[in-house]
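Here is the structure we will look at.
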Amino acid sequence: MQIVPSTLLALLLVVMLMKQGPQRGLHWFFIMSPFGAAAAFNMPAVGGASIGIIDLGALVLFALVFSGPNGPARIAGTMRFGQPGFYLLLLTLYCIVATLIFPRLFAYQTEVFGISRADNKTEIISVFLRPTTGNITQLFRLMLDVLAFFAVATLFRIKPDFDKVLKAMIAATVVNFALGWLDVLTFAIGAPELLDPVRTANYSMLVDHKMAGLKRMIGGFPEASSFGFYTLGLFGFWLRYWISGPPSRTALLCLIGTGIVLLRSTSSSTYVAVVALLVVMGLFALADSRKGRVRKQAMVVTMILLLAVWLFAMTGFAAYQFLEPVSDFLDTVLFDKADSQSGVERMSWNVQAWQNFLDTNMMGAGLGSIRASNWFLACLGSIGIVGTSLYLLFLGGVSRAHIRQGSVQDTAILHSLKTACLALVLSALLTLPTPDLGIFFFVLAGLITGLARGTALESLKEAKETSASIVERNGTIAQRIIP
């Protein structure tokens, strides 16, 4: 195990989680979540694999919940039939079987795109399917996702605390914004090494990459696309909260700040995902307005946003036609992306992932066996039709979670968490190479599940107490009437 400078941050997270408890200390977990390139420690003996700060945080969260009062029973309660946790449990079991068995069962029967690490270089090469260390690595990452989900869902099912969630999202937004501009500033003054203490994971750090002469913002992540992916989730949350939540200057500032760094990331997949998110949100708002279930304020704001997008598109089109710097930038970021070497290569990954799905009799080649450039195709090629169906059932269960009775703020927070998850899935459909949606996504999904279930249980408890009180009062009245 190799200790690195960011190990101190990991120790801080562990100490604060243990001192304040997993729920009170949740904001510390979110504070560390933008440090995507920071390792808690590296493991040279296992191919140089890195355990990130957020990875260690997920393990500590689950350990604290599991070792708490009635921990195993409470976690089992999150796996009840029909709940998202039930489908996630089935998915996990299937992934374990698929990853440990299928690479051997279908060995040398299909070609896959895999990662090759040689001479300190990481390359994507085409090889015949066979068991690799990547299978264990990706399975381990899935297990971290699952542990994070069950820990958070269990915590907030027992004690739903919407204010704690809002504060955690604010903390993550502020840190991500600061890291983004620190990245640009340190590069501009010629001292990018100042952020080396938080860039310690064994990933390729694309610190000096530019697009159309503009330094790509990566913040605390190894590349612009991963920074954009994380930031998009925050943007989706704050956009929905600003539209449907109570008036809040903090929410507006978070939305503006997140939107600025999102645009500054120069990630083409993020730009496309933002447009897709706005379109989907507009369609949902339109559908709700026809059913009379949408707030008038939300509908007005949504229409203003769609109009702003249209005006921005028209302005961008005019600038593209008449301003050469703008046309060069848009060509590089968007229009020529599919024809670039990277675009052609990624399309070939998708084609091969579909072929892997067919060659394995629709069972999948196992986690870590293939790479694609589309989350859905990566799922089909890795875990087949069964695993993908279970994954979709899990996502569907999360999307259906709701609270029947709650304040405007509580309802807005739950819907905002859903929008954040939707934004991440839309982005994943464009570029994600594996089925792993990331710990941040599963924490958000766990919050949705726990808050919805927790409020439902509280409402049921209040209804029972009210009913018992009425029965007791009626019995007292009857005793007074009947001597």
TODO: Determine which single condition SER407 fails, assuming it passes every other condition in (1) more than 19 Å from the chain's Cα centre (by Cα); (2) surrounded by 16 or more Cβ atoms within 10 Å (Cβ to Cβ).
DONE: (2)
Open item on the list: Tell me yes or no: at least one residue of the range 120-128 is assigned to a helix (DSSP H, G or I), free of Cβ contacts under 8 Å to residues at least 60 places away in the same chain and of a type in the set (Lys, Arg).
Closed with: no
- [ ] Within the range 1-21, count every residue that is part of a loop (DSSP other than H, G, I, E, B) and either within 21 Å of VAL174 (Cα to Cα) or touching a strand residue (DSSP E or B) at 6+ places or on another chain (Cβ under 8 Å) (or both).
- [x] 4
Open item on the list: Which pairs turn up if I take residues in the range 57-70 that are under 14 Å from ARG24 (Cα atoms) and look for partners that are of a type in the set (Ser, Thr, Tyr) and crowded, with 17+ Cβ neighbours inside 10 Å with beta carbon separation below 7 Å, at least 6 apart in sequence or on another chain?
Closed with: VAL65/THR154
Task: Unique match (being open to solvent by 70 Å² or more (accessible area, probe 1.4 Å) and at pLDDT 90 or above) among ILE75, ILE101, ILE96, ILE115 - done: ILE101
Task: Failed criterion for PRO131 (all others in (1) open to solvent by 80 Å² or more (accessible area, probe 1.4 Å); (2) outside any helix (DSSP H, G or I); (3) modelled with pLDDT of 85 or more hold) - done: (1)
Task: Single residue of the range 393-425 satisfying the filter (of a type in the set (Ser, Thr, Tyr) and part of a helix (DSSP H, G or I)) that is nearest to PHE227 (Cα to Cα) - done: THR419
TODO: Within the range 228-243, track down each residue that is open to solvent by 20 Å² or more (accessible area, probe 1.4 Å) and not aromatic (Phe, Trp, Tyr).
DONE: ARG240
Open item on the list: Regarding the range 62-82, can at least one residue be identified that is outside any helix (DSSP H, G or I) and in contact with a strand residue (DSSP E or B) (Cβ under 9 Å, 6 or more places away or on another chain)?
Closed with: no
Task: Which listed residue, of LEU367, LEU390, LEU460, is part of a loop (DSSP other than H, G, I, E, B) and either without any contact (Cβ under 8 Å) to a residue 12 or more places away in the chain or within 19 Å of LEU89 (Cα to Cα) (or both) - done: LEU367
Open item on the list: With the requirement that a residue be without any contact (Cβ under 8 Å) to a residue 60 or more places away in the chain and touching a Phe, Trp or Tyr at 6+ places or on another chain (Cβ under 9 Å), what does the range 16-56 give you?
Closed with: MET16, LEU17, GLN20, ILE51, ILE53, LEU56
TODO: Test PHE35 against the criterion of being modelled with pLDDT of 95 or more and either on the phi > 0 side of the Ramachandran plot or open to solvent by 20 Å² or more (accessible area, probe 1.4 Å) (or both), and give yes or no.
DONE: no
Task: Residue satisfying all of: in the range 177-204; of a type in the set (A, V, I, L, M) and open to solvent by 50 Å² or more (accessible area, probe 1.4 Å); farthest from LEU234 (Cα to Cα) among these - done: ILE189
- [ ] Considering only the range 394-424, state which residues are of a type in the set (A, V, I, L, M) and under 14 Å from PHE237 (Cβ atoms).
- [x] ALA412, ILE413, LEU414, LEU417, ALA420, LEU422, ALA423, LEU424
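For the range 354-373: of the residues being at pLDDT 90 or above and surrounded by fewer than 24 Cβ atoms within 10 Å (Cβ to Cβ), which is farthest from ARG104 (Cα to Cα)?
By that ranking, first place goes to TRP354.
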Open item on the list: Need the failing condition index for ARG249 against (1) among the charged types (D, E, K, R); (2) under 26 Å from TRP181 (Cα atoms); (3) modelled with pLDDT under 85, just the number.
Closed with: (3)
Task: Cβ pairs under 6 Å, 6+ apart, first in the range 421-441 and of a type in the set (Phe, Trp, Tyr), second assigned to a helix (DSSP H, G or I) - done: PHE441/LEU424
Open item on the list: Suppose the filter is polar (S, T, N, Q), open to solvent by less than 40 Å² (accessible area, probe 1.4 Å), free of Cβ contacts under 8 Å to residues at least 60 places away in the same chain and within 23 Å of GLY52 (Cβ to Cβ); does THR270 pass it?
Closed with: no
Open item on the list: Quick check on my filter: what residues within the range 12-32 are more than 13 Å from LEU64 (Cα to Cα) and open to solvent by 20 Å² or more (accessible area, probe 1.4 Å)?
Closed with: LEU12, HIS27, TRP28, ILE31
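The values are calculated or read from the model by the stated rules, or taken from the named source; none is laboratory data. As the structure is a computational prediction, the values presented were derived from the model and not from experiment. For neighbour counting, all protein chains shown are included, and Cβ atoms are generated from backbone atoms with ideal geometry for every residue, glycine included. With ligands, DNA and RNA removed, areas are computed over all heavy atoms of the protein, side chains included. Shrake-Rupley method; radii C 1.70, N 1.55, O 1.52, S 1.80 Å.
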